[in-house]
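Working notes, beginning with the structure itself.
The values are calculated or read from the model by the stated rules, or taken from the named source; none is laboratory data. This one's a predicted model, so the numbers in the text were calculated from it and none came from an experiment. Cβ coordinates were reconstructed from backbone atoms using ideal geometry, including for glycine residues, and neighbour counts include every protein chain displayed.
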Amino acid sequence: MTWRLGDLTVNRIGFGAMRLPQQGAALDPRAKPRSRTQAIEVLQTAVELGVNHIDTAAFYFSATRSANELINSALAPYPRDLVIVTKVGPSRTPQGEWLPLATPGQLKGQVEENLRQLGRDHLDVVNLRVSGLDDVSAHFEQLAKLQQDGLIGHLGLSNVRPHHLDQALRIAPVVCVQNSYGLGHHPEQDDFLGVCGERGIAFVPFFALAGANKETGTNAEDDEVNEIAATHDASPAQVRLAWTLARGPHVLVIPGTGDPAHLRQNIEAGALRLTTEELTRLDALHLNGS
């Protein structure tokens, strides 16, 4: 199961690095840093198991750990087929507090910081992470210029609505859209997912393991997922990932974990084939999500 991000071929199950630097809640400055040894083991195991799409950002860090630095330490020199996708727009103080969204003029500095941390001379894919912007044109134009300068290979968008994609496409090609989506989680994204498929653009859910209530789902939803999981001798997380992948060949998933066992389970979800009847049941649950 593969998809192309421009001229880059990636396996449809990737890895999200957001949780690597800390235990517990992601991006929580109070969270305990994760064991460096364990984080590096997870990254190396992921690549050994066939993951060649890693999602990261310079603002993924804890008090003593940086996702980008961990990736660099664990995987450099990088495998030729490894695609590292990062994002720009948001930033945090060293203490972990969020700063206002970057201005277009600040994006080059963010791109250069990702390059420095990852030890790269160019970034494979950079997503513009949008927050509070109705028009992304000025920001995307700046990234398109950095692409022309050779610092960026391909461009994407994160946390956007359909009109943002239209604005960006008037400036440069978009290879992926990364939005919050999962079984029972933001079903209003279904149409946008379809639009991306029609345009040959990857749709990359984050929080693909979230339920209708983001973390655990409703009781009824959990019961249904658990029943289907038991039928396949699979975990509920694997069922959620399999359902998400079944939404279309252009849908990629980037589940993150700091646990090597959970990592293996997530990757094995690619081999789980849900029946038509099971998918229909899960689709009904999804449409009842909030």
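Let me confirm something: among 90, 104, which residue is surrounded by 13 or more Cβ atoms within 10 Å (Cβ to Cβ) and under 19 Å from the mean Cα position of the chain (by Cα)? Answer to the selection: 90. Scanning region 93-111 for residues that are in a helix (DSSP H, G or I) and of a type in the set (D, E, K, R) yields one hit, 108. Would you be able to say whether some residue in region 52-61 is β-branched (Val, Ile, Thr), crowded, with 21+ Cβ neighbours inside 10 Å, in contact (Cβ under 8 Å) with a residue 24 or more places away in the chain and assigned to a loop (DSSP other than H, G, I, E, B)? Yes: one or more hits. Scanning region 8-25 for residues that are in contact (Cβ under 8 Å) with a residue 12 or more places away in the chain and either hydrophobic (A, V, I, L, M, F, W, C) or not in a strand (DSSP E or B) (or both) returns 8, 10, 12, 13, 14, 15, 17, 18, 19, 20, 21, 23. Scanning region 224-245 for residues that are farther than 19 Å from residue 178 by Cβ and either among the aliphatic types (A, V, I, L, M) or part of a loop (DSSP other than H, G, I, E, B) (or both) yields 225, 228, 229, 230, 232, 233, 234, 235, 237, 239, 242.
When the residues of region 190-212 are filtered to those that are surrounded by 18 or more Cβ atoms within 10 Å (Cβ to Cβ) and in contact with a Pro (Cβ under 8 Å, 6 or more places away or on another chain), which remaining residue is modelled with the highest pLDDT? Restricting to residues being surrounded by 18 or more Cβ atoms within 10 Å (Cβ to Cβ) and in contact with a Pro (Cβ under 8 Å, 6 or more places away or on another chain), the top hit is 192.
Does residue 34 satisfy the criteria of being touching a Lys or Arg at 6+ places or on another chain (Cβ under 7 Å) and buried (at least 20 other Cβ atoms within 10 Å of the Cβ)? Spell out the reasoning first.
Working: touching a Lys or Arg at 6+ places or on another chain (Cβ under 7 Å): yes; buried (at least 20 other Cβ atoms within 10 Å of the Cβ): yes.
Judged against the criteria, residue 34 is a match.
Restricting attention to region 112-140, the residues that are of a type outside the set (Lys, Arg) and not in a helix (DSSP H, G or I) add up to 16.
Cβ separations smaller than 7 Å between residues 6+ apart or across chains give the following pairs from region 263-274 residues that are in a helix (DSSP H, G or I) to residues that are β-branched (Val, Ile, Thr) and surrounded by fewer than 19 Cβ atoms within 10 Å (Cβ to Cβ): 263/45.
The set of residues in region 114-163 that are over 30 Å from residue 191 (Cβ atoms), over 18 Å from the mean Cα position of the chain (by Cα) and crowded, with 16+ Cβ neighbours inside 10 Å comprises 115, 117, 120, 145, 146, 151.
When you scan region 62-89, how many residues do you find that are within 22 Å of residue 23 (Cβ to Cβ), outside any helix (DSSP H, G or I) and not basic (Lys, Arg)? Steps first, please.
Of region 62-89, the ones within 22 Å of residue 23 (Cβ to Cβ) are 62-75.
In the following step, the residues that additionally are outside any helix (DSSP H, G or I) were identified as 62-66.
With the extra rule that they be not basic (Lys, Arg), the set shrinks to 62-64, 66.
Qualifying residue count, region 62-89: 4.
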